[in-house]
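First comes the structure, then the notes that go with it.
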Amino acid sequence: MADNITINIVDQVGRIDAVLAKETLPYSRTTLSDWLLEGNVLVNGTQVKRSYKVSSGDVVTITPPEIKDTEILAENIPLDILYEDDDLLVVNKPQGMVVHPAAGHTTGTLVNALMYHSPLSTINGEFRPGIVHRIDRDTSGLLMVAKNDSAHQALSAQLKAHKNQRIYIALVRGEFQEDTGTISAPLARHKVDRKKQAVTEGGREAITHFQVLKRFVGYTLLQVRLETGRTHQIRVHMTYIGHPIVGDPVYGNAQKLPNISLNGQLLHAKTLSLTQPTTGEQLKFDSVLPDYFDQALATLTPIIRKDENNGK
């Protein structure tokens, strides 16, 4: 079981769930919110509601629940491992693979495969061992995975402090006049469809930077860098500015290409950098676009602007 965490409130004010979300903790806001309900988060030794407003002098104690026996099975599923040491792995996840078990997906996930391959951290509980951050089922690309709790805490802290570089490649609908841009729009759970996220006033800060890599008739290939890492952030932000990701069935109305079938959004987590938790070494990893992504790009008609063709 992970050790208890004690937080002395000095000058933070506001709802306890919001204050804890700003702390450098190895747990998601959703997990902490659930633990508040279950009595695993106490203020001054007393269980409080999520709406409790902390003030200077309060002492918050977080007691992670014990890991229960689980029926999640280790499965001998091939993994594309770019890097591995005693603390972590960097895995290239294929499109279509769910990251961790959930309702409707108890086998065939990345976690099932990882459990067969290696010991994993226990911080995120029985259903998400080792998982420091996630990408969507139909998004492909790089993920870092923690093999022990100490590494998990260190990697989570890096994410919280925005010290990791995470760069994606996305094909979006429409053409851009600008070459670069930043989307700063807060995100929260959709008020009607609770499985979706939406740009919402008062939501959590979400910042996405993009750069045009290549222009096509009716489409644009982007390099996208995450400054924050909210659920579905790139997908929601691109739809918000009127350029949904091609193939996105949730936020892009399944925007398709005319001459090729797609199995999900054309979004790939291409580059990942991190600090090795034990040695402090700076590590950077890069992956190639999947074949289906290249095949989709090959069906498009490039646009060559005059300033990109020596004025000709």
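Brief remarks on what is shown
- Using only Cα coordinates, the Kirkwood hydrodynamic radius of the range 202-284 works out to 14.7 Å.
- For the range 240-297, the convex hull spanned by the alpha carbon atoms encloses 129 Å³ per residue.
- Simple spin-label estimate for SER261 and ASP286 in nanometres, 7 Å along Cα-Cβ: 3.4
- Unsatisfied cross-links (Cα-Cα over 32 Å) in the set LYS49/LYS93; LYS93/LYS214; LYS49/LYS270; LYS49/LYS284; LYS53/LYS147; LYS163/LYS256: LYS49/LYS93; LYS49/LYS270; LYS49/LYS284; LYS53/LYS147; LYS163/LYS256
- Distant alpha-carbon pairs in the range 149-226 (separation over 18 angstrom), percent: 59
- All Cα pairs of the chain, percent lying beyond 38 Å: 18
- Peptide ranges 282-288, 88-94 listed from the most packed, as the mean C-beta count within 10 angstrom indicates: 88-94, 282-288
- Relative contact order of the range 34-162, pairs being alpha-carbon contacts under 8 Å that are 6 or more residues apart, as %: 21
- Whole-number D in µm² s⁻¹ for the range 88-139, Kirkwood Cα-pair radius fed into Stokes-Einstein, 37 °C, 0.692 mPa s: 293
- Helical contribution to [θ] at 222 nm, DSSP H n ≥ 4, -39,500 (n - 2.57), averaged over the chain, rounded to 500: -4500 deg cm²/dmol
- The value obtained for the range 146-303, namely the Cα convex hull volume divided by the number of residues, is 134 Å³ per residue.
- Annotation: amide H-H contacts under 5 Å for TYR219 (H modelled 1.01 Å from N, sequence separation of 5 or more, or interchain): GLY174.
- Measuring how big the range 76-232 is from its alpha-carbon positions, Rg and Dmax come out at 17.1, 49 Å.
- Extending 7 Å from the Cα toward the beta-carbon at both THR30 and GLU227 defines two label points whose distance is 2.5 nm.
- Coarse-grained scattering of the range 30-158 at q = 0.16, 0.19 Å⁻¹, given as base-10 log I(q)/I(0) from a Debye sum over alpha-carbon atoms: -0.84, -1.05
Since every read-out is calculated from the coordinates, none of them should be taken as a lab result. Values in this document were obtained by computation on a predicted structure and should not be read as measured data. Note that each Cβ is placed from the backbone with ideal geometry, even for glycine, and that neighbours are counted across all protein chains shown.
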